[in-house]
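The block underneath contains the structure these notes are about, expressed in structure tokens.
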């Protein structure tokens, strides 16, 4: 059987009884970081005799066959990540997919999740939400990804590295608008747990003025069609941002129109006026 188990986000007191029992009973464990897993077990006051396999993003593909071999041999395999549920932006889902295809039973031991914990911390609508994982690392790809989400009406949840938070928030302001509400959830359940709530402009200002450390989950309000308007300046900035990434003016206008829900002609007219104004200023 393949057993996927949720690990505490930071506070070991959140470990379930089922998790501790599964660790003690396991013969084989796939852990994202064996040292962190060992420290967790020490904090929980439990010992294990299982053989530990490292199972992280860098070696996920090469580990699939050995781990599947264990399962096909009739043995149980416990899979854990560094924090939260394995398979959520961490290794796990490919192994689960292959196990199901091979007819191997799968069990999930539910527990802590950074996604739903941050959602509750944010104070934003919880009735409909989507998880988007990590935003792309480069600004151009990040802007493209955000433009595809500009009209998303559900609350959006992202993971982000602390050293990229400011740049990501600045791109969010450019694409989604500075008045969109959001929350930065940092070090959840840990000693320095902190949630910063406000507009995206306010969150970007906070990130600029503070040293950002620890695990970051970013929550952003969905698109409100009745409230969000795009000024000519917004549209010009979005088109120029796409052009700076190598798109033609025609392509940029079409993509911005799609992202904002506006007619291409409307965006085109704004850019014509912008170009005319530039000529008059010369």
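The values are calculated or read from the model by the stated rules, or taken from the named source; none is laboratory data. From a predicted model like this one, the values you see are computed outputs, not experimental measurements. Reconstructed Cβ throughout: ideal geometry from the backbone, glycine too, with neighbour counts over all protein chains shown.
Among residues of the stretch 1-16 being closer than 20 Å to residue 190 by Cα and over 20 Å from the mean Cα position of the chain (by Cα), the one that is surrounded by the most Cβ atoms within 10 Å (Cβ to Cβ) is 15. Among the residues of the stretch 90-122, those identified as buried (at least 16 other Cβ atoms within 10 Å of the Cβ) and assigned to a loop (DSSP other than H, G, I, E, B) are 90, 91, 92, 104, 111, 112, 113. Can you say whether residue 273 is farther than 20 Å from residue 149 by Cβ, assigned to a helix (DSSP H, G or I) and in contact (Cβ under 8 Å) with a residue 12 or more places away in the chain, as far as the supplied structure shows? So residue 273 fits the description; yes.
Here 168, 276, 244 are screened, and the one residue that is loosely packed, with under 14 Cβ neighbours inside 10 Å and closer than 23 Å to residue 138 by Cβ is 244.
Being in a loop (DSSP other than H, G, I, E, B), under 14 Å from the mean Cα position of the chain (by Cα) and at pLDDT 95 or above: is that true of residue 125 here? It is false that residue 125 is in a loop (DSSP other than H, G, I, E, B), under 14 Å from the mean Cα position of the chain (by Cα) and at pLDDT 95 or above.
A count restricted to the stretch 78-89 and to residues that are surrounded by fewer than 21 Cβ atoms within 10 Å (Cβ to Cβ) and on the phi > 0 side of the Ramachandran plot stands at 2.
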